[in-house]
1. Residues that are at pLDDT 95 or above, under 30 Å from S398 (Cα atoms) and in contact with a Phe, Trp or Tyr (Cβ under 7 Å, 6 or more places away or on another chain): does region 346-361 have at least one?
2. Can you give me the number of residues within region 170-196 that are within 19 Å of V147 (Cβ to Cβ), open to solvent by 40 Å² or more (accessible area, probe 1.4 Å) and not β-branched (V, I, T)?
3. Checking P337 against (1) closer than 20 Å to A122 by Cα; (2) surrounded by fewer than 15 Cβ atoms within 10 Å (Cβ to Cβ); (3) in contact (Cβ under 8 Å) with a residue 40 or more places away in the chain, only one condition comes out false. Which one?
4. Does L319 meet the test of being touching a Phe, Trp or Tyr at 6+ places or on another chain (Cβ under 6 Å), open to solvent by less than 20 Å² (accessible area, probe 1.4 Å), in a helix (DSSP H, G or I) and not hydroxyl-bearing (S, T, Y)?
5. Spot the failing condition for T282; the list is (1) part of a strand (DSSP E or B); (2) open to solvent by 30 Å² or more (accessible area, probe 1.4 Å), and only one is missed.
6. If I go through region 32-63 residue by residue, how many of them are assigned to a helix (DSSP H, G or I) and more than 30 Å from G89 (Cα to Cα)?
7. Can you name the residue in region 221-249 that is among the hydrophobic types (A, V, I, L, M, F, W, C), closer than 20 Å to D29 by Cα and open to solvent by 20 Å² or more (accessible area, probe 1.4 Å) and is also farthest from the chain's Cα centre (by Cα) among such residues?
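The values are calculated or read from the model by the stated rules, or taken from the named source; none is laboratory data. Just so you know, these numbers come straight off a predicted model, no measurement behind them. Neighbour counts are summed over all protein chains in view; Cβ atoms, including those assigned to glycine, are modelled from backbone coordinates with ideal geometry. Side chains are part of the model used for accessible areas, which takes the heavy atoms of the whole protein and leaves out ligands, DNA and RNA. Shrake-Rupley method; radii C 1.70, N 1.55, O 1.52, S 1.80 Å.
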Amino acid sequence: MSGHSSYNPKTGIERWLDARLPIVRLVHDSAVSYPVPRNLNYFWTFGGILTFMLVAQIVTGIILAMHYTPLSTVAFNSVEHIMRDVNYGWLLRYLHANGASMFFVAVYVHMFRGLYYGSYKAPREVLWILGVVIFLLMMAAAFMGYVLPWGQMSFWGATVITNLFSALPVIGETIVTFLWGGYSVDNPTLNRFFSLHYLLPFMIFGVVILHIWALHHVGQNNPTGVEVKNVQKDTVPFTPYATIKDLFAMVCFTFVFSYFVFYQPNFMGHADNYIPANPSVTPQHIVPEWYFLPFYAILRAIPDKLGGVLAMGAAIVVLAFLPWIDSSKVRSMNYRPVAKILFWAFVAVCIGLGYLGAMPAEGGYVTASQIFTALYFGYFVALFVIGLFEKPLTMPSSIADSVLGAMKGGSGARLATATAAEPNAKG
């Protein structure tokens, strides 16, 4: 999708700057004239929403760090100080805490959209793998951020999760000692987690730039999965078409985000985290944040500690190999009748694992977790097998045909006229 730049500097200053630092040309080519498929739906707006949420998390996090004290003796009180004494501190904390949850809401929608429309298939393998790397970095940043309030669930969550590394042979104990900074979760642990939590968002930002670069190099996928064949007919300039749609989606998303910040600020948190950390008192039921629950259920489904850790890690890493696991030549599930049913079954399994992760690890919940864990990994095996024999539905010959086919009568004719008259876009 990359090609010759259509940017033409008009003033002397623009020409002078363009000859020395073509940053305006870069912005123009990336966010104005960049051609996007004309059939993108609103699921494609979540990339912009995620970028917006990442910037919001970094900005609120930097301000919160100015008032937070990463010492185990005063960390809990410093959070209360932010809430009560810092101007709009309560707003900053609720924006940051709920922002993490909303960030994961957006990233899960973004990922499932990629799964449904086959956005991991060639030539977008590297783009997809970079997305999995971002997801892993997000999980690390979110986990370390959850520890910082130093409440009961923060402390015991850190104890349980960091202990998992001890199951790894040879290097396990060394990793745990490094994370703890000693022989138990204490002040050095909090210091290390604070330092890494501050660093990781900037690493995420760097990988996001690579992710966007890769996206602009290979071009965006679309609901049909058909590649762009004619730039003039199949695409529209990013601005104003995609820009307006992204802005509208961001505004709608912000309304939902604001509802939780102002009306349900603790809905996605845990009440035990309003109790100062106490190493002598174990909470009755230790659970991570909601966005970790499916993987937490997989961890607990395996009776062996090392097996559980490996299964949990494999549940994430397997996503990076999807471009080679899915054997079908067709990208979009819209044209794959069997795989489409399999996809929605996979969504149900992930939701079920999320529910089971929030339940106590006892009785029927353990058995159900084991069944759902088997179904989770079974999805990837089935995806490979189905791709070998599935007969796809008839696909449109081009993106423009899919748009015109969805319209009838005069409106379709008017669009055909409009596409023919569309100004040239970069190819």
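1. yes
2. Counting residues in region 170-196 that are within 19 Å of V147 (Cβ to Cβ), open to solvent by 40 Å² or more (accessible area, probe 1.4 Å) and not β-branched (V, I, T) gives 11.
3. (1)
4. no
5. Failed condition: (1).
6. The qualifying residues number 4.
7. Going through the qualifying residues, I end up with V231.
Conditions (1) within 28 Å of W128 (Cα to Cα); (2) acidic (D, E); (3) free of Cβ contacts under 8 Å to residues at least 60 places away in the same chain, marked per residue:
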site: V160; (1), (2), (3): no, no, no
site: I171; (1), (2), (3): no, no, yes
site: L190; (1), (2), (3): no, no, no
site: H217; (1), (2), (3): yes, no, no
site: N222; (1), (2), (3): yes, no, no
site: V228; (1), (2), (3): yes, no, no
site: P237; (1), (2), (3): yes, no, no
site: P240; (1), (2), (3): yes, no, yes
site: I244; (1), (2), (3): yes, no, yes
